[in-house]
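Take a look at the structure below.
The values are calculated or read from the model by the stated rules, or taken from the named source; none is laboratory data. Only a predicted model underlies this, so the values are computations on that prediction, with no experimental measurement involved. Cβ placement follows ideal geometry from the backbone for every residue including glycine, while neighbour counts extend to all protein chains displayed. Calculation scope for accessible area: heavy atoms of the full protein, side chains included, ligands and nucleic acids excluded. Shrake-Rupley method; radii C 1.70, N 1.55, O 1.52, S 1.80 Å.
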Amino acid sequence: MTAAGEPGAVEDGDRKGGPRAALGGLTTRGRSFLAAGLAAAVCAYVLGQEDLLRVGLLLAVLPLVCVTVLYRTRYRVTGTRRLSPSRVPAGAEARVHLRMENVARLPTGLLMLQDRVPYVLGPRPRFVLDRVEAGGRREVSYRVRSDLRGRYPLGPLQLRLSDPFGMCELTRSFSAYDTLVVIPRTVPLPVLRLAGEAAGYGDGRQRSLALAGEDDIIPRGYRHGDDLRRVHWRSTARHGELMVRREEQPQRARCTVLLDTRRIGYQGAGPDSAFEWAVSGAASALVHMLERGFAVRLLTDDGEAVPGDGSGGFAGSTQESADSAGLMLDTLAVVGHSDGGGLSRAHDVLRGGNEGLLIAFFGDLDEEQAAVAARMRQRAGAGVAFVLDSAVWAGDEAAARRSGERLRRLRESGWTAVAVEPGAQLPALWQLAGNADTPSASGGGPTGFTGGWS
């Protein structure tokens, strides 16, 4: 469970303003009583009415007494928050569980609980907790949902204390908060062999010499459980201790998912924009390829690669792949437009010929960037490109024809290039890319695939 407060947070309170700040917590009722009491006291003094003076003093003193008692109340309450789950796809709901516990020896009064959430997650949740006995606890929960990906802070948790007469309300805040990560929406993709793609795990022709992993390039020390037949006696004699020889094992097939984030490459904003389609498509592709056993990395047009560690920046073992998938999805949750104007940095990151499969999601490509993309294809074993041209999304037929010419140029350079139309479904386009060697896929781009994300 994630702590959203600590014992004594409410007891110590936020008393930087002292009693003057406590007077600021007077409610409308409390201010009315105070004003009426002062007015009655003044009138009693002017008119010489002692009974009216007593009434005025009673009206004025009651809210002040409530402020003093509430200010000096020493509650000891702890609060915890738990997200279930802490990472959700866009459009899905997460539940937030709050638990308040009274760790003091005395019961509390009426508590009003409020948690701060960004407006995109929904209205601010508020709860009223009855008297909490000594050592007792109360649990409440609420749901949050966002159609926009991102990282959203939850908290800090606030307690509003009120006196029985409703004269004063004081707010105490806990210090900690949690973060909800809304990742791009992903869709399942059909399992098929993309054009030029090497097979999955263990079927690639490259092999690496390692025993414990790809980075283990020299004989290592003997470990309990190692087969004695693997002892490298020459290294053992040189080092004076048992050394285990490295052995040949297959290297995982590689896949790079390239996401074009250039601001000039996309038009429009919002969940249905071309850029959000590209981000969701990249997320779906990398999850799909990881499930097929590929070593995957995420690359953007500015040359930044995720996860960035290991051999060539690709995910390694199965456990590392699971962690890397979360890291890449977290990166896509907050990725935005870059101010760069070209794809040259991404081109420089790709090494010649041994990058395996390259899956790219491009925005607008002018003549210069189309040439860079064509050269980029030569640095990968196979390439599949999904092109989201703004002219196509804007319905500009003349510009769309020019986009078709650039699409043909990509295909001539070896790309399996697919044009993405507004409302297209990625699984259908993925299937089309897998059937790129058929006559129906060699035309000017797919049509007829409409509908939203499933």
Bounding extents of the range 101-142 in its principal axis frame from Cα atoms, largest first in Å, are 40, 14, 12
By how many nm would the segment from LEU228 to ARG292 lengthen if fully extended, with 0.36 nm per residue of separation less the alpha-carbon distance?
19.6 nm
Average accessible surface area per residue within the range 68-187, 1.4 Å rolling probe, Å²:
50 Å²
Judged on accessible area alone, 1.4 Å probe, highest first, ARG193, ARG254, ARG105 line up as ARG105, ARG193, ARG254
Ignoring solvent entirely, what values of log10 I(q)/I(0) come out of the Debye formula for the range 21-71 at 0.15, 0.19 Å⁻¹ when each Cα is a single scatterer?
-0.39, -0.58
Please work out how much accessible surface LEU53 shows to a 1.4 Å probe, ignoring ligands, DNA and RNA, in Å² rounded to 10.
70 Å²
Note down the accessible area of TYR222, probe 1.4 Å, to the nearest 10 Å².
90 Å²
Given R₀ = 35 Å, what would the calculated FRET efficiency be for HIS97 paired with ARG160, taking r from the Cβ atoms and rounding to 0.05?
0.95
Ranked by accessible surface with a 1.4 Å probe, highest first, in what order do THR28, THR78 come?
THR28, THR78
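Once neighbouring chains are kept in place and the probe is 1.4 Å, which whole percent of the accessible area of the range 65-154 is contributed by carbon and sulfur?
That fraction is 48 percent.
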So, in nm, how far is label LEU57 from label ARG345 when the simple model puts each one 7 Å beyond its Cα toward the Cβ?
7.6 nm
Report the accessible area of VAL69, computed with a 1.4 Å probe over the heavy atoms of all protein chains in place, in Å² rounded to the nearest 10.
90 Å²
How far apart, in nm, are the 7 Å Cα→Cβ label points at THR68 and GLU368?
7.6 nm
Considering only protein heavy atoms, with the full assembly of protein chains and a 1.4 angstrom probe, order ILE264, ILE183 by accessible area, largest first.
ILE264, ILE183
